[in-house]
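Novice: Here's a structure for you.
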Amino acid sequence: MRNVMRSLPRRLTATIAAAPVAVVLAACGGSGDDDATTLSLSHWGGIWEEGVTAIEPGLTEATGITIKGAADGQNGLTKIQQLPTAYDAALLTADKAAVGLQDGTLQPIDTSRIENLDTIPDAVLDGLMVDGELAAVPISYGAQGILYREDLLGKKLTSWADLWDPGLENNLAIGALPSVAGVFVLQAGGEAFGDGPDDLEAGWEAMEELRPNVQYQYTLSSDPLSKLADGSLLATVTFADLGVDLADSGVTTLIPEEGTNWSVQPVGIPAEAENVDAAYDFINYMLSDEAQSTWVEATHVAPASQAAELPAEISDQLLETDEVAARLWPIDWLQIGTEIQDWTVRWQELFS
């Protein structure tokens, strides 16, 4: 188990939607090919940039692609809309990918060109389908869970409904809209008190009852970790894998049996990309066993490919088993992408 205080700074950047980074990938086409091509990739900074750097040696050996990067502080989808030919591939949040396909900013993925598509959990793929077409290809995902101090709370939590336990009064941290982490709590309310995670009206009603328990709302998924570790917070909803390193600090991680929500890291291809072939080569490499292992180790999320063989020291840090993958809730990312601004207004009124 890694030292908690050493791992917190790394975790702090692991789950944020950091500023996109413009990266130029020079695809040499293998040794001896003088007609080098380039692939321009937009991705997030922070730990995700570290992940791209980590996969570079294997990527270069397998495909001839080399990576050169420069910071870009704008939203990935917005940047593509402003400069439609500037990027050939992009790491986007799932809601942005779905909206991008619908409005024509992205081209639909040709699924016949993706080699390991059938190894990705159905729920993860289905959430990125827009009118029967795939908006982007997932390369990793992370299941949500409840991280809590069982030792201080004095009881076990077993379900999403336990977030409403009076014992958590002023001791719960949740994500704040417009972050999708806030939507995840709405879905938990729909599951606990309505007809399921897509019953958001039941979720909104449940939020009224949850307010006394909310100590604060975070914008970075790793924000609550230090407070959980020092006991000034009893519970939070965030990436389940973030709790692994905190077990020695008394933190228990629960992925409820009724299922869970999740986020995904997908790669999309802009509609006017100039190097589509290289984009598909990049995606296929990212789904290889080698790249999945390297990416997961660097970013602390689960591999998109359920067939990926990971070293034990990496897989032991992940909670997304096949059983958890089978319990992932369906998520309509297009609905989230189109309605999240209105939901944010309602959320702010609720907590004002």
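The values are calculated or read from the model by the stated rules, or taken from the named source; none is laboratory data. Only a predicted model underlies this, so the values are computations on that prediction, with no experimental measurement involved. Using ideal geometry, Cβ is built from the backbone for each residue, glycine included, and neighbour counts are taken over all protein chains shown.
Novice: Do you know which residues across the stretch 304-337 are acidic (Asp, Glu) and over 16 Å from the mean Cα position of the chain (by Cα)?
Specialist: Taking the stretch 304-337 as the starting set, the residues that turn out to be acidic (Asp, Glu) are 309, 313, 316, 320, 322-323, 332.
Selection gives Glu309, Glu313, Asp316, Asp322, Glu323.
Novice: Looking at the stretch 294-325, which of the residues that are in a helix (DSSP H, G or I) and in contact (Cβ under 8 Å) with a residue 24 or more places away in the chain is surrounded by the most Cβ atoms within 10 Å (Cβ to Cβ)? Reasoning before the result, please.
Specialist: Restricting attention to the stretch 294-325, the residues satisfying the condition of being in a helix (DSSP H, G or I) are 294-299, 312-315, 322-325.
Next, only the ones that are in contact (Cβ under 8 Å) with a residue 24 or more places away in the chain stay: 294-299, 324-325.
On the way: Thr294: 20, Trp295: 23, Val296: 26, Glu297: 15, Ala298: 19, Thr299: 24, Val324: 19, Ala325: 18.
Restricting to residues being in a helix (DSSP H, G or I) and in contact (Cβ under 8 Å) with a residue 24 or more places away in the chain, the top hit is Val296.
Novice: If I filter the stretch 335-343 for residues that are of a type in the set (S, T, N, Q), without any contact (Cβ under 8 Å) to a residue 60 or more places away in the chain and assigned to a helix (DSSP H, G or I), do I get at least one hit?
Specialist: The answer is yes; a qualifying residue exists.
Novice: Same structure again: Out of Val251, Val237, Val276, Val180, report the one residue that is assigned by the TED database to the domain that holds Leu92 and in contact with a strand residue (DSSP E or B) (Cβ under 9 Å, 6 or more places away or on another chain). Talk me through it step by step, then tell me what you get.
Specialist: Working: Val251 fails: assigned by the TED database to the domain that holds Leu92; Val237 fails: assigned by the TED database to the domain that holds Leu92; Val180 fails: assigned by the TED database to the domain that holds Leu92.
Going through Val251, Val237, Val276, Val180 in turn, the sole match is Val276.
Novice: Please state which of the following conditions Asp131 fails to meet, knowing it meets all the rest: (1) in the same structural domain as Ala97 (by the TED database); (2) within 20 Å of Gln265 (Cα to Cα).
Specialist: (2)
Novice: Between a residue in the stretch 53-74 that is farther than 18 Å from Tyr87 by Cβ and any residue that is of a type in the set (Ser, Thr, Tyr) and at pLDDT below 75, which pairs come within a Cβ distance under 6 Å, given they are 6 or more apart or on different chains?
Specialist: The qualifying pairs are Thr60/Thr66.
Novice: Name the helices (runs of 4 or more DSSP H) wholly within the stretch 1-100 that hold at least 2 residues that are modelled with pLDDT of 50 or more and within 19 Å of the chain's Cα centre (by Cα)?
Specialist: Working: elements: 4-14, 47-63, 76-82.
Once the helices (runs of 4 or more DSSP H) in the stretch 1-100 are filtered for at least 2 residues that are modelled with pLDDT of 50 or more and within 19 Å of the chain's Cα centre (by Cα), what remains is 47-63, 76-82.
Novice: Take Gln144 and tell me if it is assigned to a helix (DSSP H, G or I), polar (S, T, N, Q) and either surrounded by 14 or more Cβ atoms within 10 Å (Cβ to Cβ) or modelled with pLDDT under 95 (or both). Can you show your working first?
Specialist: On the way: assigned to a helix (DSSP H, G or I): no; polar (S, T, N, Q): yes; either surrounded by 14 or more Cβ atoms within 10 Å (Cβ to Cβ) or modelled with pLDDT under 95 (or both): yes.
No, not satisfied.
Novice: Taking only the stretch 264-274 into account, find how many residues are crowded, with 24+ Cβ neighbours inside 10 Å and of a type in the set (Gly, Ala, Ser).
Specialist: Total satisfying the criteria: 1.
Novice: A follow-up question, please. Looking at the stretch 195-202, can you tell me whether even one residue there is part of a helix (DSSP H, G or I) and either over 28 Å from Asn171 (Cβ atoms) or within 22 Å of the chain's Cα centre (by Cα) (or both)? Write out each step before concluding.
Specialist: The initial filter retains those residues of the stretch 195-202 that are part of a helix (DSSP H, G or I), namely 200-202.
Next cut, either over 28 Å from Asn171 (Cβ atoms) or within 22 Å of the chain's Cα centre (by Cα) (or both) only: 200.
Yes - at least one qualifying residue is present in the stretch 195-202.
Novice: Taking the options Asp277, Asp248, Asp316, name whichever one is at negative phi and modelled with pLDDT under 90. Break it down stepwise before answering.
Specialist: Working: Asp277 fails: modelled with pLDDT under 90; Asp248 fails: modelled with pLDDT under 90.
From the options Asp277, Asp248, Asp316, the qualifying one is Asp316.
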